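Here is the structure we will look at, set down as structure tokens.
Bear in mind that the values in this text are calculations on the coordinates, not laboratory data. What you see is a predicted model; the values in this text were computed from it and never measured. Cβ sites come from the backbone with ideal geometry, for glycine too, and all protein chains shown count toward neighbours.
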Amino acid sequence: MNYIPKVAAVILNWNGLAHIQQFLPSVMASTWQNLEIVLGDNGSTDGSVEWVASVYPSVTIIRNEENYGFTGGYNRVLEKVDADYFILLNSDIEVQPGWIEPVIALMESDELIAAAAPKILSYADKKMFEHAGAAGGFIDHFGYPFCRGRIFYEIEEDRGQYDQSGEVFWASGAALFIKRKCWRESGGFDERFFAHMEEIDLCWRLKNMGYKVMYCAESTVYHVGGGTLNAENPFKTYLNFRNNLLLLKNNLPFGRATFVIGLRFWLDLLALFRFLGEGKRKDAWAVSKAHQNFVRQLFRSSNHKGEKKGSVKSLTGMYKGSIVSAFFVGKKHRFTDISPEFFYK
């Protein structure tokens, strides 16, 4: 490349001093020549901003006055960042010195590529894929997301089986590369999501706009995961169920959305009874609250400029069937168990 695109690696922080101290040094060692590292802070009170300012004065610090969540925090911070590419990077990610170069090379190769993510492995066990993204995100016909390398709770070991870069349905928000012009054209994150599945919503909107979302196998990062909300947190249960319905409403044509959401209400009801049977009353109540909130949202118009209606331009990365049925009935616990012919091209 004659012109080296400016890349901004933007870490959103909320009282994450321990993660910042542990993982920011690896980001600082990145070798991309035209790189700005930005700490976007969501009203932290733990001294993390002061620590970064003291130890790494070259880091740009942008402060929000309060915690706007993952979605609102990034929307406000990125309004103030000027770069050709944004990297939305979790604070609990360890990177390698040359992690940026292959992703930018891939994205520069096609003007229709709007977003991409590297291979995401577990920091705790670097042979294993990490839950949040693994080797690229996919979704089934009924809105259930999954990944190459992770379907539900089944997480695979990285044996090189997914070392081919290619188009996927969604890229993980843990290490999301996106072209600035596409971020702004899409409207960024829908702030109603707060956290969880907001990157799937963004990627789906980008695909509905005619763009591509990619997985880059030549770049690897290591993710701790679960640092903000662990799997046992009922608020995470609430967000997952509410946001998945919102995801379908935002991106499917009206007729298809009506059918799929109606079906999902019944499937979610089964999940609610399962939680009750397991003694997880707070999770069961979280599912109920998710449905109540979603129904209220139906009667409110969204002011999110990126919301698209009735336009599905690309289904690449969508599984034609039900991943729930394939996994629990068909015993297809690995991505390689699913025939490629069952995915839209």
- Task: Would you work out which of Leu267, Leu315, Ile11 lies farthest towards the positive end of the dipole of the chain? Charges go on Cβ: Lys and Arg +1, Asp and Glu -1.
- Result: Leu267
- Message: How much length would be gained if the chain were fully extended between Phe273 and Ser109, taking 0.36 nm per residue of separation minus their Cα-Cα distance, in nm to one decimal?
- Response: 54.2 nm
- Query: Which ³J(HN,Hα) values in Hz, rounded to whole numbers, follow from the phi angles of segment 87-97 under the Karplus curve 6.51 cos²θ - 1.76 cosθ + 1.60, where θ = phi - 60° and Gly and Pro get x?
  - Reply: 10, 8, 10, 5, 6, 9, 10, 9, 10, 9, x
- Pairwise FRET efficiency - Glu101 versus Glu65, Cβ, R0 = 51 Å, nearest 0.05: 0.90
- Item | Virtual spin-label span in nm between Thr258 and Arg184, 7 Å along Cα→Cβ | 3.8 nm
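Given +1 on the Cβ of Lys and Arg, -1 on the Cβ of Asp and Glu, and no further charges, what dipole in debye does segment 34-148 carry about its Cα centre, rounded to the nearest 20?
Working: 7 positive and 18 negative charges, 68 e Å.
The dipole magnitude comes to about 320 debye.
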- Query: Taking the alpha-carbon centroid of each part, what is the distance from segment 77-99 to segment 1-64 in angstrom?
  - Reply: 8 Å
- Message: Under the rule a/c < 1.5 gives rounded, and otherwise a/b versus b/c splits prolate from oblate, where does segment 233-291 land using the Cα gyration tensor?
- Response: oblate
- Query: Counting other Cβ atoms within 10 Å, which GluC sites (Glu not before Pro) in segment 1-93 have at most 12 and lie in a DSSP loop?
  - Reply: Glu65, Glu66, Glu79
- Query: What list of ³J(HN,Hα) values in whole Hz, one per residue of segment 137-154 in order, does the Karplus curve 6.51 cos²θ - 1.76 cosθ + 1.60 (θ = phi - 60°) give from phi, with Gly and Pro shown as x?
  - Reply: x, 10, 8, 9, 5, 10, x, 8, x, 7, 9, 5, x, 7, 10, 6, 8, 8
- Counting sequence-distant residues (5 or more places) and residues on other chains, those with an amide H built under 5 Å from that of Ser44 are Asn15
- Message: Checking the cross-link filter: which aspartates and glutamates have an alpha carbon closer than 14 Å to that of Lys6, excluding same-chain neighbours under 8 positions apart?
- Response: Glu36, Asp82, Asp84, Glu101, Glu108
- Message: With the cut-off at 25 Å, tell me which of the pairs Lys249/Lys313; Lys119/Lys207; Lys127/Lys212; Lys212/Lys320; Lys181/Lys236 have Cα atoms farther apart than that.
- Response: Lys127/Lys212; Lys181/Lys236
- Using r as the Cβ-Cβ distance of Trp51 and Ser325, and R0 as 51 Å, what FRET efficiency do you calculate, to the nearest 0.05? 0.55
- Query: Rounded to the nearest 0.05, what FRET efficiency is calculated for Lys80 and Asn293 with R0 set to 25 Å and r the Cβ-Cβ distance?
  - Reply: 0.25
- Using a cut-off of 16 Å between alpha-carbon atoms, which aspartates and glutamates can reach Lys289, once sequence neighbours fewer than 8 places away in the same chain are excluded? Asp268
